[in-house]
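Each reported figure results from applying straightforward, stated rules to the coordinates on display, with no laboratory input. All values derive from a computational prediction rather than experimental measurement. Cβ placement follows ideal geometry from the backbone for every residue including glycine, while neighbour counts extend to all protein chains displayed.
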2 protein chains.
Amino acid sequence: MSPAYDVVIAGGGVAGLAVAWRAARRGLSVAVADPTPGGGATHASAGMLAPVSEVTYTEEPLLRLGLASLAAWPAFRAALEDESGIELDYRTDGTLEVARSADDMAFLDDLAAFERTLGLRVERLTGRECRSFEPMLAPSVRGGLLARDDAWVNPRRVVRALLTAFEKAGGVLVSEHVAEIGASGTGGPSVRLTNGDTVPAGQVVVAAGSWSASLLPGLPVRPVKGEILRLRGPQGFLTRCVRGLVHGSPAYLVPRGDGEITLGATVQELGHDERVTAGGVYELLRDARELVPGITELELAETTVGFRPGTPDNLPIIGPAGPPGVFAATGHGRNGVLLCPITADAVAAFLTGDEPPQVIGSCHPGRFSQ
Amino acid sequence: MSPAYDVVIAGGGVAGLAVAWRAARRGLSVAVADPTPGGGATHASAGMLAPVSEVTYTEEPLLRLGLASLAAWPAFRAALEDESGIELDYRTDGTLEVARSADDMAFLDDLAAFERTLGLRVERLTGRECRSFEPMLAPSVRGGLLARDDAWVNPRRVVRALLTAFEKAGGVLVSEHVAEIGASGTGGPSVRLTNGDTVPAGQVVVAAGSWSASLLPGLPVRPVKGEILRLRGPQGFLTRCVRGLVHGSPAYLVPRGDGEITLGATVQELGHDERVTAGGVYELLRDARELVPGITELELAETTVGFRPGTPDNLPIIGPAGPPGVFAATGHGRNGVLLCPITADAVAAFLTGDEPPQVIGSCHPGRFSQ
């Protein structure tokens with residue numbers, strides 16, 4: 001049996017579709033298998049392109065990876081908007097990270113010093129200056145950091161654009177899940193779909209997010225449940241991303257051009273528990289309210305659960321995955337949208353036998369067995 | 001033109017359908033006009049059959065009306081379940097009204113004394129006794145009242161049962177709104193539907209809830225917005241209705257047989273504002289959490305907005321509404337489900353020229369013009 005496609009990609013989230021688009025543009029025949037592309041973690045994601053945060057700044061390899069991918073985003077965005085004709089709501093109005101106590105502010109000062117060593121522009125603001133930038137901020141905000149270069153994007157538009165650009169480049173979407181990866185008669189990989197069909201493939205990419213271990217047993221990817229809300233308000237209610245620590249958890253509000261605000265996110269180790277819980281919604285609203293009290297007047301338009309694909313070292317798993325011709329592009333945790341350009345470039349290089357970017361070396365699937 | 005129906009009822013909420021069923025059983029030909037029967041305030045309602053509460057006990061005429069309707073519920077329920085074949089999830093496990101402070105407890109003691117003068121069975125419980133009845137109650141509950149005879153019902157099942165029984169009794173559901181009530185050539189009323197059709201009717205009943213004033217201009221019925229949540233938990237998480245004052249607002253949790261818990265409700269004078277707000281959901285969860293902390297683990301299954309039909313004196317508007325042959329059955333505020341049997345009996349009596357129950361006299365539409 002000769003391969004039906006040069007590449008079959010299991011999973012049509014932001015990682016799988018970005019790989020698919022880039023691979024198709026390199027002339028490969030590519031199929032993405034997913035009944036609901038963009039319906040997984042990407043659907044819940046806020047789309048912040050923020051490699052430096054309270055969570056990641058002690059994790060050097062992840063930081064380097066994030067910075068490399070951030071640098072790739074402008075060109076990635078330009079090409080994607082151009083080829084798809086879809087505007088991504090890519091915004092560069094900056095992030096305001098706020099402090100509500102002297103302790104918070106001391107923490108942010110450390111963060112700012114670190115960001116400056118990376119060459120990032122960060123300004124320290126007083127509480128009054130914070131409110132002059134974002135008048136809806138709570139009076140309790142004592143100060144903050146303005147990162148003027150921070151960007152974010154609407155992940156649902158990214159997925160739509162990737163799918164459009166991928167199909168324009170000749171790619172094929174198959175509305176089934178991949179159930180299993182096996183070997184074809186020729187020694188190459190072969191995938192069995194949930195409808196029972198078998199598709200021989202030149203190469204296979206597993207980009208099934210938190211479900212990836214079901215296709216590559218032993219792969220240390222686990223679901224990290226997150227609940228996230230979408231509020232609907234007047235345009236300009238917020239113009240920047242607003243972030244802050246509340247009750248010890250990071251909270252963020254990410255405004256879109258149409259007035260929608262994404263408010264996130266809980267972090268729970270509960271397996272694939274699909275329930276939106278009363279407690280999760282309560283905590284998100286409580287914390288956001290402490291940063292921006294006026295959100296109480298906005299419509300609660302959506303409650304969503306997603307599953308970040310988590311790994312033991314918080315780095316993604318990108319590269320040859322063991323069986324010949326099978327690659328992994330998963331384990332992106334909370335950073336799937338940020339890491340989408342570098343993931344796409346790296347995996348496309350693997351698929352065509354080229355050298356992947358050096359920074360991707362830290363993501364090799366083999367690192368857990370060493 | 002001879003009437004197409006003896007009676008046309010504008011609105012298929014719990015009031016309109018109960019009137020319709022009772023009128024059809026008296027041998028009248030009846031049509032209910034509503035594209036989404038049960039989709040209005042009834043859909044949001046919790047279904048408590050509680051004529052005595054912190055809200056109503058100073059309002060004597062409403063209290064008398066509620067007690068009369070409560071007394072009619074068992075027979076109404078038996079007939080409705082029998083004729084429809086639908087079980088209403090009618091529960092009589094009692095209400096636990098809890099106090100979290102000495103002030104709350106003093107208030108409840110006054111309420112209990114008053115309830116006893118009405119012949120209602122009310123027991124005063126310590127905090128420990130409250131928790132022995134409902135182990136999920138917060139440790140901060142200091143005491144409470146157990147009303148063992150209190151009942152509640154699933155309003156969505158009531159609507160389904162009423163519609164079924166109504167249609168079995170020969171009634172007709174017309175999937176249009178009534179747009180206007182006019183006069184037919186013979187001097188009787190005539191309704192124009194939203195699809196443009198005109199339907200001559202022997203008599204017309206306006207049971208359009210908070211939208212009733214659009215059909216009877218000048219009728220002092222206004223929408224009182226309420227947001228209400230539905231949680232999904234294990235069966236037996238709560239077995240009784242739990243009520244309490246939190247931050248000065250009454251909060252309640254109403255358990256169903258299947259583990260669903262209805263959690264209500266906000267009260268807002270915002271017209272027909274259909275938005276579920278972040279602040280409303282936040283406050284409901286916050287208050288319920290103070291009574292029953294464990295609700296945070298439950299699924300937030302539904303957020304709903306409804307519009308209680310409010311009147312200036314909180315009494316419903318039931319009776320001849322001005323134009324010949326036109327009756328009102330609206331303005332039930334938060335008490336539509338409780339008042340459903342007495343409303344049905346009263347309006348059916350009006351329609352057949354019989355004497356309505358005396359207690360309904362306080363609800364006469366003419367009282368506002370006097």
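Where nothing but the Cβ of Lys and Arg (+1) and of Asp and Glu (-1) is charged, how large is the charge dipole of the protein assembly as shown around its Cα centre, in debye to the nearest 20?
Dipole size: approximately 80 debye.
If you take each beta carbon of peptide B:288-295 and count the beta carbons of other chains within 10 angstrom, what is the mean? All intermediate terms of the calculation are to be shown ahead of the outcome.
Numbers: counts 2, 4, 0, 0, 0, 1, 2, 4.
Taking all residues of B:288-295 together, the mean is 2.
Could you tell me, in Å, what Rg and Dmax come out for the Cα atoms of the protein assembly as shown?
In order Rg, Dmax, the Cα atoms of the protein assembly as shown give 31.0, 94 Å.
Taking Cα atoms, how many degrees apart are the long axis of helix A:14-25 and the longest axis of chain A, rounded to 10 and kept between 0 and 90?
50
Using the Kirkwood formula on the Cα atoms of region A:311-359, what hydrodynamic radius do you get, in angstrom to one decimal?
The answer is 11.2 Å.
Can you give the translational diffusion coefficient of region A:280-329 in µm²/s, computed by Stokes-Einstein from the Kirkwood radius over Cα pairs at 20 °C and 1.002 mPa s?
Result for D is 145 µm²/s.
Would you calculate the separation in nanometres between label points at B:Glu81 and A:Thr198, each defined as 7 Å from the Cα along the Cα-to-beta-carbon direction?
The answer from the label model is 5.8 nm.
Pull up the DSSP beta bridges for the protein assembly as shown and report the antiparallel fraction as a percent, rounded to 5.
75
Listed highest first by mean packing, meaning other Cβ atoms within 10 Å per residue, what order do B:340-348, A:158-166 come in?
B:340-348, A:158-166
How large is the convex hull of the Cα atoms of region B:169-271 per residue, expressed in Å³ as a whole number? Write out the running numbers ahead of the final one.
Details: hull volume 18.4 nm³, N = 103.
Given the Cα convex hull of region B:169-271, per-residue volume reads 179 Å³.
If you average the sequence gap of Cα pairs under 8 Å that are 6 or more apart and divide by the length of region A:224-370, what percent do you get for the contact order?
Value for region A:224-370: 23 percent.
Which of B:Pro200, B:Ile181, B:Gln235 sits farthest toward the positive end of the charge dipole of region B:158-315, with +1 on the Cβ of Lys and Arg and -1 on the Cβ of Asp and Glu?
Farthest towards the positive pole: B:Gln235.
How long are the three semi-axes of the equivalent ellipsoid of chain B, in whole Å, if each is the root of 5 times an eigenvalue of the C-alpha gyration tensor, listed from largest down?
37, 20, 19
Given chain A, what percent of its DSSP beta bridges are antiparallel, to the nearest 5?
Bridges in chain A are about 70 percent antiparallel.
Summarise the partner chain shielding of A:298-304 as one whole number: the mean count of Cβ atoms from other chains within 10 Å of each residue's Cβ.
Taking the mean over all residues of the peptide, I get 4.
Summarise the partner chain shielding of A:269-279 as one whole number: the mean count of Cβ atoms from other chains within 10 Å of each residue's Cβ.
If you average over the peptide's residues, the count of other-chain Cβ atoms is 4.
In whole angstrom, and with the biggest value first, how far do the Cα coordinates of region A:215-370 range along each principal axis?
55, 31, 24
Taking the Cα centre of chain B as the origin, how large is its charge dipole in debye, to the nearest 20, when only Lys and Arg (+1) and Asp and Glu (-1) carry charge on their Cβ atoms?
Values: 32 positive and 42 negative charges, 23 e Å.
Computed charge dipole of chain B: roughly 100 debye.
Against the longest alpha carbon principal axis of chain A, how many degrees, from 0 to 90 and to the nearest 10, is the axis of helix A:102-117 turned?
Taking the Cα atoms of chain A, the angle to A:102-117 is about 50 degrees.
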